[in-house]
Structure formats: C-alpha cells, structure tokens
Amino acid sequence: MTKETKAGLLFSVAVFAAAAFGTFHPDTRSFFTESFGSTLYGLPSWLFIGLVTMILITPVFPLGMHLMKLALANGKHGAGKAGLLLSVIDIPKNRPELRISQKVVFAIALYFFTLVAGWIIFAESKGI
C-alpha cells in the first residue's frame, strides 16, 4: 500500500467517521425526529436519514485517495488549506497521470457542493 493510499484512506475514514458521528449524535437524532416525524419508510426517521447520509457521502473514499495523491506528489505548495488547493489546481506538466486524480477531485467536489446546495434548498422549503 503506497503512502498516498494510506494517507487517503485515513483522510476518508476520518471524514466518514465525523459525518457518522454528527448524523447519529443524540441531538441530531432528536432534530430529525422533530423535522421528519417518528418514522420514514418503516424505520425511525433518524436511522433512515442517517443511512441515506452514509450512502450519499460514500464518494469520500476515492476523494481522499486522489486528493492525497495530488498533495503528496505535488508538495511544493506546502501544507495547509491553500497548499492543498494549489496542489489540486497546479499539476506539473511532467506529471500527466495526475490529471485523472485532478478530474476525480473536481467531480467529487462538485457532487458535494450540489448535495449541500440541495439540502439547503430542501431545508429552506420545509422551514427546517
């Protein structure tokens, strides 16, 4: 297992675990019950929403691996948020194989922005 794969997997598991913790936290569960009722499709609403959330965030696994591949292969920009963003944007000309990882990162980022925007629109329309 390469260094990029290990770092990407660690990143992905951390993001997934944070989302799972936030979704299944008791305060969040009570919010889901108040917002959506006690059951959805025969399951407690907090469990149904939690499972759907886990399914929707599964693209975090390839995102982490491709993001770390870019960051570690193009480390000239340094650590931190700005360095990571520059590593994704500025692919060296002599590393064309990194273009696929760049496209994957951009596609998954677009997916998440669309997902968040959809949730905001839905929540606003329901008055949540």
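Bear in mind these aren't lab numbers, they're just calculated from the coordinates by the rules spelled out. Computed from a predicted model, the values in this text were never measured in an experiment. Using ideal geometry, Cβ is built from the backbone for each residue, glycine included, and neighbour counts are taken over all protein chains shown.
The label point for PHE106 and the one for ALA123, both projected 7 Å from the Cα toward the Cβ, are 2.9 nm apart.
Label separation (ALA17 vs LEU47): 2.5 nm, computed from points 7 Å beyond Cα along the C-beta direction. Projected label points at THR28 and THR5, each 7 Å from Cα along the beta carbon direction, are separated by 3.0 nanometres.
Couplings for the range 10-16, taken from phi via the Karplus curve 6.51 cos²θ - 1.76 cosθ + 1.60 with θ = phi - 60°, read 4, 4, 4, 5, 5, 5, 5 Hz in order; Gly and Pro are left as x. Database remark: amide H of THR39 closer than 5 angstrom to the amide H of SER45 (H placed geometrically; neighbours at sequence offset of 5 or more, or on other chains; Pro and chain starts carry no H).
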